[in-house]
Every structure is written in structure tokens, then in C-alpha cells.
Ligand SMILES: Nc1ncnc2c1ncn2[C@@H]1O[C@H](COP(=O)(O)OP(=O)(O)O)[C@@H](O)[C@H]1O
Ligand SMILES: [Mg+2]
């Protein structure tokens, strides 16, 4: 469904992505792991057309996204929940949910938002910026679901969020995947990533240095230690 083949990104003289290749199959949930600064966010931005790509190819559902401008990528069926969430602080929760969606219906709101994140129902008229971090994350995910994506890309969705809401968010990511939506998840918490995802890619210095099943990685603590500096 999604494949990156030897993708490069330069920022000025800095060669940040040095040939990233990875794949997400239909219905799969995949984790992208790696220490801070290895290029995970840049990889996601390259997929979304938000970082200028050099050499390499990004394909989604057999279509080359190389010439696809950033604002067209979501319409192809890829939802993106950026690191830091990207909520419009001065718009209401309702406006945040419906932005860019002329065809939205109350059924969609019910199915994609309230059934998953009931906390948002009571806060529809509240300004996005007044929500807690966890609620903003829920809003960002719900907004993505309203576009009925085939794949959702999430960049550290539980970063800096109250523990009480972290488990709600994780549970919903799992449920979204169970409805057939593919997931590409950047996550600092390796144990969470291994629970939520079937397959794992680990990055170091702008390239993928390990790929394999989540199940196998659990039996290879030396790899987790070498690339993530953690013990399982
Ligand atoms: N717009 C930018 N201009 C210059 N350097 C950048 C820019 N965005 C990211 N970088 C650099 O690229 C590297 C990878 O960043 P990033 O993809 O955010 O890493 P990660 O998400 O894995 O923590 C870092 O060294 C970062 O400083
Ligand atoms: Mg990042």
C-alpha cells in the first residue's frame, strides 16, 4: 500500500534522509522507531510531501506520490497526525473537526468522533487551544478519521500527555487498525509500539537499520539496546 524506496532529503548542506526504504501493507500496523534526531519526523513529512524529496520514490496504492503536492496527499487516503498535533487553537473543536470537509454529516461526527472520543462531545464549542494535550491529540486523530483515510500516520501521539489519557489514545489507535485502516506509528515507548504494531522499522542517522516483525524484536533485546539504548 505505502512504500518508500531509497528516499533522500537534504536541508541545505545537511543530508538528513540518506536513503530510507520501508513498506506498510494494507491493514498492517507498522512502527517507526529510533533515537531523537534520526529522521523519523522527516520521513513522515517526506511521505506527506512536506519535506522536499531528493532522490527516491514514494508510492501509495501503486501511485507515485513524487509529483503530488502536499495538499493533495490527504485526498489520496493518507491521514497525518503531526508531532505537536497541529490543532487550530482559535477555532472551536467543531470547526477543527470539519475544516476542509464540506460533505461532513452528523453520522460521521458520531461514528468517527464521539463513539471513539466521548470527551470531545462536551467540548464541541470550546476553542481547540483550551483543550488539554491529550484532548488535542484526540481531536487531531478524530479530524484525521473524518477524512476516512486508508492509512493513518501518527508522530509520537502520546508524547507529553497525561497517563490517564495515554491508554485511551492507544486503545483507539488499536481499534482504528482493527477496522482495517493501516497505521504507521512513530513512538518513543518501545513496549507500546511492540504491542500495537505487527512490524517494526528502526532508523539511525537517516536510514533504516533494522526491519522485522514486532514478535521477533521481542526476542532480540540486543537490537533494541544497540539502536534505541533501551533494555526491554
Ligand atoms: N527544517 C529543518 N531544517 C534543518 N534541519 C532540520 C529540519 N528539520 C529537521 N532537521 C534536522 O534533521 C534531523 C532529523 O530530524 P527529525 O526528522 O525531526 O528527527 P526525529 O523525528 O527522529 O527526532 C535532525 O538533526 C534535525 O535537526
Ligand atoms: Mg520527531
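What the Cα convex hull of the stretch 2-228 gives, in volume per residue, is 122 Å³. Separation of the stretch 66-94 from the stretch 205-224 is 29 Å, based on Cα centroids.
Answer rounded, prolate or oblate for the stretch 107-232, using the Cα gyration tensor with square roots of eigenvalues a ≥ b ≥ c: rounded when a/c is under 1.5, else prolate when a/b is larger than b/c, else oblate. Prolate, since a/c reaches 1.5 and a/b exceeds b/c.
Summarising the label geometry, the points placed 7 Å from Cα in the beta-carbon direction at residue 72 and residue 95 lie 3.0 nm from one another. Only DSSP H runs of four or more residues enter the estimate; each adds -39500 (n - 2.57), and after division by the residues of the chain the mean residue ellipticity at 222 nm equals -8000 deg cm²/dmol. Does a label point 7 Å from the Cα of residue 61, set along Cα-to-beta-carbon, have any residues of the stretch 25-41 with amide nitrogen under 16 Å, and which are they? Correct set: 25-28.
Counted residue by residue at 0.36 nm each, then reduced by the alpha carbon distance between them, the extension gain from residue 174 to residue 222 reaches 14.6 nm. Within the chain, antiparallel bridges make up roughly 55 percent of the DSSP beta bridges whose residues both belong there.
A short reminder: the numbers here are calculations on the coordinates, not readings from a lab. Keep in mind that this is a model prediction, so the values were computed, not measured. Methodologically, a virtual Cβ is constructed for each residue, glycine included, from the backbone with ideal geometry; neighbour enumeration extends over all protein chains shown.
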